[in-house]
Amino acid sequence: MLRLKVTWSFVMRGRCLWIQLLFVPAVAMAKEFYVVGPANPTVFRAGEDVVLECQMVPLASLDALEVRWFRSSTDSTVHLYTNGHDQPGVQDEVYRGRTELFQDEFPHGNASLLLKRTKVSDTGSYTCSIKSSSFREQAVVVLQVAAFGVQPWIHLEENNKQGLRVVCHSDGWFPQPGVQWTDGSGQDVTALSNTRFTESSRKLITVHSHINFTSDSVNKYSCFFRSGLLGKTREAHLQISDDFFRKADEFDAWLVVFWVLAGLVVTAAAFNVMIHRKEDKVTKELQLFCSLEGYDEVDIGFVSVTLDVYTAHPMLEVSEDRKRMRRTATQREGLPDTGKRFTYWFCALGSVGFTSGRHYWEVEVSGNRRWCLGVAAKSVERKGLTNLIPETGVWGIEQWDDEFYVNTSPPSDLPVGSIPRTVGIYLSYESGTISFFCTDTKSRLHYFTGNKFTGKLYPFFWSEDENKWLRICSSPAVDLSATRAPGPA
């Protein structure tokens, strides 16, 4: 399909190509051939495969010619075809295994390059060079790789004990997105906001924007982060309850907010939580999930998860207490054919499923560098090669060596400040929310929202790292006893 698309793109652009040639100076027409690329930059989203188009004119076979792609700025070889073969030995290491020429299109002069699993660092100019025994011609193709950040997380936080502010936070952008704020009436209040951008080692940008408000402020705010390259926007909205503006002489304003979020009923308990507020960041985030979902008197239950051995891939070893699993080098013999077992991916499900309620569990991943954790629908296909993505019934995050991803299609980069040792998973069935936390740093990694669950959901585990355990924790790293939700925010 990809090859057909490449051929068709050149057919569709044929008219533009000949128009370009009409403007070539007459002296240039003496050349043996020309190399033509797209006039405009090629824009793609990180993680996708991209075709860098290059065409020789007039059409002639490339089989006996040299086709070389290289980075224009560094002259490093991206791909080389010569003497009738690809030459991977001279290829820059960062491109090995990620490039391919369409050799079945060589008879038509098509020298386009397929670049797989694009990264932000791939952004730049590429030169397509075609060489015969006596002549060389080349064209420059500009590639812009954009990373579309995760869904913004909007919430309230204390403003240095002087008031409150609405904070909007999102990770995984490139280039720097545009930021806009509006109030409840739709008026642009961006000028009142303060925005900070930070860049990770992988050049991905984290956006942290906030806007202060007081008791006479409007009670609804919306933030918008827009990718100019992709022309797409992510947005988040926060409706602030009038309860947040109540005055009480015996408490500071920020303590009143904390009282409302935590649903505490006695002053002593409020002070106890206040003293440990930094340590309980995850707890407060879980409380906020509850309050924004609009439920009263609802507990988040820590689930004592165990593995369902009858769903585990034959190369997965499950411990006797069913709390640990690891991939082995050989397939175990004599396993019953349960009809529920994963046969391609090294996966297993939890033994208990959920059709309602709020549930939280934690998994220790320390030492394992190739894993995926999350939630799977009972209906997920377990036979053969099936993409394990939300559309097929799996919502998860994964680590592959030093890279972290969200299991979308294509996979989305997941920026993490430090490699987590333990991951917390929170499921709210009715609100369609699945969230992931790094319990080491007490911070949120990612969340899926807006889902409409209809069937049973199970904890999901996948491990590719041979002989490295995943361990289900028997108790949470945070105290969930105080996570009873207040009224709707």
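Things to note:
- Looking only at the stretch 349-369, residues that are among the acidic types (Asp, Glu) and in contact with a helix residue (DSSP H, G or I) (Cβ under 9 Å, 6 or more places away or on another chain) come to 0 in all.
- Residue check for residue 209: more than 25 Å from the chain's Cα centre (by Cα) and of a type in the set (S, T, N, Q): no
- Candidates 332, 326, filtered to the one that is touching a residue at least 40 places away in the same chain (Cβ under 8 Å) and more than 24 Å from the chain's Cα centre (by Cα): 326
- Selection status of residue 121, crowded, with 16+ Cβ neighbours inside 10 Å and among the hydroxyl-bearing types (Ser, Thr, Tyr): no
- Scanning the stretch 432-445 for residues that are surrounded by 18 or more Cβ atoms within 10 Å (Cβ to Cβ) and more than 11 Å from residue 395 (Cα to Cα) turns up 437, 438, 439, 442, 444, 445.
- Close pairs (7 angstrom Cβ cut-off, 6 or more residues apart or separate chains): surrounded by 10 or more Cβ atoms within 10 Å (Cβ to Cβ) in the stretch 178-203, among the hydroxyl-bearing types (Ser, Thr, Tyr) and outside any strand (DSSP E or B) anywhere: 179/190; 180/190; 181/190; 203/121
So that you can scan it fast, the table gives a plain yes or no per residue for (1) at pLDDT 90 or above; (2) over 19 Å from residue 471 (Cα atoms); (3) open to solvent by 40 Å² or more (accessible area, probe 1.4 Å):
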position: 362; (1), (2), (3): yes, no, no
position: 377; (1), (2), (3): yes, yes, no
position: 383; (1), (2), (3): no, yes, yes
position: 391; (1), (2), (3): yes, yes, yes
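- When the stretch 48-69 is limited to residues that are surrounded by fewer than 20 Cβ atoms within 10 Å (Cβ to Cβ) and farther than 30 Å from residue 409 by Cβ, the one that is nearest to the chain's Cα centre (by Cα) turns out to be 66.
- Conditions (1) under 30 Å from residue 74 (Cβ atoms); (2) at pLDDT below 90; (3) touching a Cys at 6+ places or on another chain (Cβ under 6 Å): number failed by residue 148: (3)
- All conditions but one from (1) outside any strand (DSSP E or B); (2) aliphatic (A, V, I, L, M); (3) at pLDDT below 90 apply to residue 238; the one that does not is (1).
- Filtered by the rule that a residue be at pLDDT 90 or above and outside any loop (DSSP other than H, G, I, E, B), the stretch 407-432 gives 422, 423, 424, 425, 426, 427.
- Residue count for the stretch 129-150, restricted to those that are open to solvent by 10 Å² or more (accessible area, probe 1.4 Å), in contact with an Asp or Glu (Cβ under 9 Å, 6 or more places away or on another chain) and in a strand (DSSP E or B): 3.
- Candidates are the residues of the stretch 85-124 that are basic (Lys, Arg) and in contact (Cβ under 8 Å) with a residue 60 or more places away in the chain; the one that is farthest from residue 174 (Cα to Cα) is 116.
Yes/no matrix, rows are residues, columns are (1) within 27 Å of residue 409 (Cβ to Cβ); (2) surrounded by 14 or more Cβ atoms within 10 Å (Cβ to Cβ):
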{"residue": "73", "(1), (2)": "no, no"}
{"residue": "85", "(1), (2)": "no, no"}
{"residue": "88", "(1), (2)": "no, no"}
{"residue": "95", "(1), (2)": "yes, yes"}
{"residue": "99", "(1), (2)": "yes, yes"}
{"residue": "102", "(1), (2)": "yes, yes"}
{"residue": "108", "(1), (2)": "no, yes"}
{"residue": "127", "(1), (2)": "no, yes"}
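- Residue match in the stretch 154-177 (condition: within 16 Å of the chain's Cα centre (by Cα) and either within 30 Å of residue 85 (Cβ to Cβ) or aromatic (Phe, Trp, Tyr) (or both)): yes
The values are calculated or read from the model by the stated rules, or taken from the named source; none is laboratory data. In this text, all values refer to a predicted model and were calculated from it rather than measured experimentally. Every residue, glycine among them, receives a Cβ derived from its backbone with ideal geometry; neighbour counts consider all protein chains shown. Remember, those area values only see protein heavy atoms, side chains included, never the ligands or the DNA or RNA. Shrake-Rupley method; radii C 1.70, N 1.55, O 1.52, S 1.80 Å.
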